[in-house]
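Report on the following structure.
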Amino acid sequence: MAFSSKARGVCYSLALWALSGTPRAAVSFSIQSQHTPLCTHRALSTLSTSSSLNMSEQQTEVDVGANLQEVIDRIQVACKDNGHAMEDVRLVAVSKTKPLALLKQAYASGQRVFGESYAQELVEKAKEMDEDNVQWHFIGGLQSNKANMLVKGVVPFGKLVIETVATAKVANKLNDAMADFEEKKLAVMVQVNTSGEEAKSGVTPDEAIQLCQHIITDCPRLDLMGLMTIGAIGDISNFETLSKCRDSVAEALGMDPKSLELSMGMSGDFEEAIKYGATNVRVGSTIFGERDYSKK
């Protein structure tokens, strides 16, 4: 059946409206199918292929609540299978590049620990989130000249953990920045380059003892929380390397190995990381969907 010119114009207008309109709420807290309005195929056929793809992207809904619960369930199974207590593993929901609205949806589902990789983005989100029971983990490379801004921009709005201390200089800057916060210590982890990749930040396993000793001895406002690694994708030997590094550090400093946490494992391998003793896993895209780095 042929459309009149008026009918075609109406359908075309509806299609353009669907492309330019703001998507409806992107999160549902129950596992269910999500439906969005679509124009008829006759109207869509008048649009370019690129516009149709753009429409599809806009209408893709991320069910953060359901995704979060699925990850928690998988952590629980991994803990049970490997003899670990569920409460001994912390889930860091990596929300870098994601809009604040998605973080708030995760917060509404009970998530309180979030991970960010960009200092300025973290400062802005901590202020806008405005929830003092949120724990913010900085997991990106930290330059010493950003340490002061990061600490003073986040600590007033929640707990801050720096997982990526890789030099004594950065540790010193973080320690100095905490001078304004009496009776508070900043939790930090030493980043270890377990894969030996030049593109990865972090000290070598052999250098970890010296940096950990420096933090304990010369940075009284810092609290050494543990070790962190971003291992090579698909190489689970990095988990064993970090675990052995933790044992070496603990022995050299006269500490109980269990007092030092292990931050390792991401969306693709966090269950394997738990098998090797991870107490802190960083999961992002599995919860919030794939990232668009072009916006950074």
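The values are calculated or read from the model by the stated rules, or taken from the named source; none is laboratory data. In this text, all values refer to a predicted model and were calculated from it rather than measured experimentally. Don't worry about glycine lacking a Cβ; one is built from the backbone with ideal geometry, like all the others, and counts go over all protein chains shown. SASA here: full protein model, heavy atoms, side chains in, ligands and nucleic acids out. Shrake-Rupley method; radii C 1.70, N 1.55, O 1.52, S 1.80 Å.
All of (1) without any contact (Cβ under 8 Å) to a residue 40 or more places away in the chain; (2) touching a helix residue (DSSP H, G or I) at 6+ places or on another chain (Cβ under 8 Å) hold for Q135 with one exception: (2).
Every residue, every condition in (1) under 24 Å from M228 (Cβ atoms); (2) within 16 Å of the chain's Cα centre (by Cα); (3) of a type outside the set (D, E), yes or no:
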position: E87; (1), (2), (3): yes, no, no
position: L100; (1), (2), (3): no, yes, yes
position: K104; (1), (2), (3): no, yes, yes
position: V113; (1), (2), (3): yes, yes, yes
position: H137; (1), (2), (3): yes, yes, yes
position: K146; (1), (2), (3): yes, no, yes
position: L150; (1), (2), (3): yes, no, yes
position: K159; (1), (2), (3): yes, yes, yes
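For L103, the criteria (1) surrounded by fewer than 22 Cβ atoms within 10 Å (Cβ to Cβ); (2) assigned to a helix (DSSP H, G or I) hold in every case but one, which is (1). Would you mind stating whether V161 is in contact (Cβ under 8 Å) with a residue 40 or more places away in the chain, in contact with a His (Cβ under 8 Å, 6 or more places away or on another chain) and within 16 Å of C219 (Cα to Cα)? The answer is yes for V161.
When A177 is tested against the conditions (1) more than 22 Å from R90 (Cβ to Cβ); (2) open to solvent by 10 Å² or more (accessible area, probe 1.4 Å), the lone failure is (2).
Residue count for the stretch 132-174, restricted to those that are in a strand (DSSP E or B), open to solvent by 20 Å² or more (accessible area, probe 1.4 Å) and closer than 19 Å to K200 by Cβ: 0. Among the residues of the stretch 237-290, those identified as open to solvent by 60 Å² or more (accessible area, probe 1.4 Å), farther than 26 Å from I209 by Cα and in a loop (DSSP other than H, G, I, E, B) are G268, E290.
Quick check on the stretch 112-130. Is at least one of its residues of a type in the set (D, E) and modelled with pLDDT under 95? Checked the stretch 112-130: at least one residue is of a type in the set (D, E) and modelled with pLDDT under 95.
The set of residues from the stretch 87-96 being over 14 Å from R112 (Cα atoms) and either at pLDDT below 95 or surrounded by 18 or more Cβ atoms within 10 Å (Cβ to Cβ) (or both) comprises just one member, K96. On inspection, I139 does not qualify as of a type in the set (A, V, I, L, M) and touching a Phe, Trp or Tyr at 6+ places or on another chain (Cβ under 7 Å). The set of residues in the stretch 194-223 that are touching a helix residue (DSSP H, G or I) at 6+ places or on another chain (Cβ under 8 Å), part of a loop (DSSP other than H, G, I, E, B) and either open to solvent by 80 Å² or more (accessible area, probe 1.4 Å) or farther than 15 Å from L142 by Cβ (or both) comprises T194, S195, P220, R221. Selection of first residues in the stretch 106-131 that are over 14 Å from V64 (Cβ atoms) and open to solvent by less than 10 Å² (accessible area, probe 1.4 Å) and of second residues that are charged (D, E, K, R) and in a loop (DSSP other than H, G, I, E, B), restricted to Cβ pairs under 9 Å at least 6 apart or on distinct chains, gives the following pairs, ordered by first then second residue: G115/K96; E116/K96; L122/K96.
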